[in-house]
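Enquirer: Dropping a structure here in structure tokens format, bear with me for questions.
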Amino acid sequence: MIRELAEYERVPHEARAGEEQLREALFGERPAAFSHVAESEEGEVVGFSVWFLNFSTWRGVHGIYLEDLYVRPGVRGGGYGKALLAELARICVERGYGRLEWSVLNWNEPSIGFYERLGARPQDEWTVYRLTDEALAKLGAV
């Protein structure tokens, strides 16, 4: 499903994580990320979320950053995405976390509409920056 998500987001070449990397990140001695899956009534995995903790210096508490949310196209609209987000919201409330945040591609109108129907609002005063590959290596070598 990770490859399916990369295809959907139009960047299949960026999905380079291997099975062992994911296993270590999610289930290793010190997990760096967490995941939930959505199953159909027949027990088939039809969606997933991957998330990690962030921290708000303004609020002084953790939050959840949702890295990925994916539901297979054939079952979208069946409540799986909402259930995955509701579980993360439940965790935030239960643990006293202040925020549940994520990014969405500007062209992804179906997802934007879905998120806004749930009450999420865009944070359009912020621009995401990213260092990867050569730029990251160059700055890290300073």
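Enquirer: Students often get this wrong: which residues of the stretch 57-78 have the backbone nitrogen under 20 Å from the point 7 angstrom along Cα-to-C-beta of Leu26?
Expert: 64-76
Enquirer: Also, quick follow-up: Report the full-extension gain for the segment Ser40 to His13: residue separation times 0.36 nm, less the Cα-Cα distance, to one decimal in nm. Present the calculation step by step, with values, prior to reporting the outcome.
Expert: Working: separation 27, 0.36 × 27 = 9.72 nm, distance 2.90 nm.
Fully extending the segment from Ser40 to His13 adds 6.8 nm.
Enquirer: Separate question: Run the accessible area of the chain with a 1.4 Å probe and give the carbon-and-sulfur part as a rounded percent. Please report the intermediate quantities before stating the final value.
Expert: On the way: 5650 of 10660 Å².
Within the chain, the accessible surface is 53 percent carbon and sulfur.
Enquirer: Can you give the charge dipole size of the chain about its Cα centre, rounded to the nearest 20 debye, using +1 on the beta carbon of Lys and Arg and -1 on the beta carbon of Asp and Glu? Intermediate results must be reported in sequence, preceding the final value.
Expert: Details: 16 positive and 23 negative charges, 101 e Å.
Here the chain has a charge dipole of around 480 debye.
Enquirer: Do any trypsin sites (Lys or Arg not before Pro) in the stretch 48-142 lie in a DSSP loop with no more than 10 other beta carbon atoms within 10 Å, and if so, which? Spell out each step's value before the answer.
Expert: Details: sites: Arg59, Arg76, Lys82, Arg90, Arg95, Arg99, Arg117, Arg130, Lys138; in loops: Arg59, Arg76, Arg99, Arg130.
When the trypsin sites (Lys or Arg not before Pro) of the stretch 48-142 are filtered for loop state and at most 10 Cβ neighbours within 10 Å, Arg130 remain.
Enquirer: Tell me, what ³J(HN,Hα) does each residue in the stretch 49-66 have, in order and in whole Hz, if you take phi through Karplus 6.51 cos²θ - 1.76 cosθ + 1.60 with θ = phi - 60° and put x for Gly and Pro?
Expert: These are the phi-based 3J(HN,Hα) values: 10, 10, 8, 8, 7, 10, 9, 9, 5, 6, 8, x, 9, 5, x, 10, 9, 7 Hz.
Enquirer: With a 1.4 Å probe and every protein chain left in place, work out the accessible area per residue of the chain in Å², rounded to a whole number. Working shown, then result.
Expert: Values: 10660 Å² over 142 residues.
So the chain comes to 75 Å² accessible per residue, rounded to a whole number.
Enquirer: Let me know the longest stretch in the chain that avoids all GluC sites (Glu not before Pro) found in a DSSP loop with at most 12 other C-beta atoms within 10 Å.
Expert: Values: sites that count: Glu29, Glu41, Glu42, Glu44, Glu125.
Counting only loop sites that pass the neighbour cut-off, the longest clear stretch is 45-124.
Enquirer: What's the magnitude of the charge dipole for the stretch 95-142 around its Cα centre, counting Lys and Arg as +1 and Asp and Glu as -1 at the beta-carbon? Answer in Debye, nearest 20.
Expert: Details: 6 positive and 7 negative charges, 52 e Å.
Dipole about the Cα centre, nearest 20: 240 debye.
Enquirer: Farthest toward the dipole's positive end in the stretch 63-142, which of Leu100, Ala83, Phe114, given Cβ charges of +1 (Lys, Arg) and -1 (Asp, Glu) about the Cα centre?
Expert: Projecting each Cα onto the dipole axis, the largest value belongs to Ala83.
Enquirer: Loop only per DSSP, at most 13 neighbouring Cβ atoms within 10 Å: give me the trypsin sites (Lys or Arg not before Pro) in the stretch 1-50, ordered by residue number. Let's see the in-between values first.
Expert: Values: sites: Arg3, Arg10, Arg16, Arg23; in loops: Arg10, Arg16.
Counting only loop positions with at most 13 other Cβ atoms within 10 Å, the trypsin sites (Lys or Arg not before Pro) in the stretch 1-50 are Arg10, Arg16.
Enquirer: For Trp58 and Asn108, calculate 0.36 nm times their separation in residues minus their Cα-Cα distance, and state this gained length in nm to one decimal.
Expert: Roughly 15.0 nm would be gained on extension.
Enquirer: Scan the chain and report its longest stretch carrying no chymotrypsin sites (Phe, Trp or Tyr not before Pro) that are both in a DSSP loop and have at most 15 other Cβ atoms within 10 Å. Write out the running numbers ahead of the final one.
Expert: Numbers: sites that count: Trp58, Trp107, Trp126, Tyr129.
Looking at the chain, 1-57 is the longest stretch - no exposed chymotrypsin sites (Phe, Trp or Tyr not before Pro) with at most 15 other Cβ atoms within 10 Å.
The values are calculated or read from the model by the stated rules, or taken from the named source; none is laboratory data. Remember, predicted model here, so these are calculated numbers, not experimental data. Counting neighbours? That spans all protein chains shown, and the Cβs are built from the backbone with ideal geometry, glycine included. To get the accessible areas, we keep the full protein, side chains included, count just its heavy atoms, and leave off ligands, DNA and RNA. Shrake-Rupley method; radii C 1.70, N 1.55, O 1.52, S 1.80 Å.
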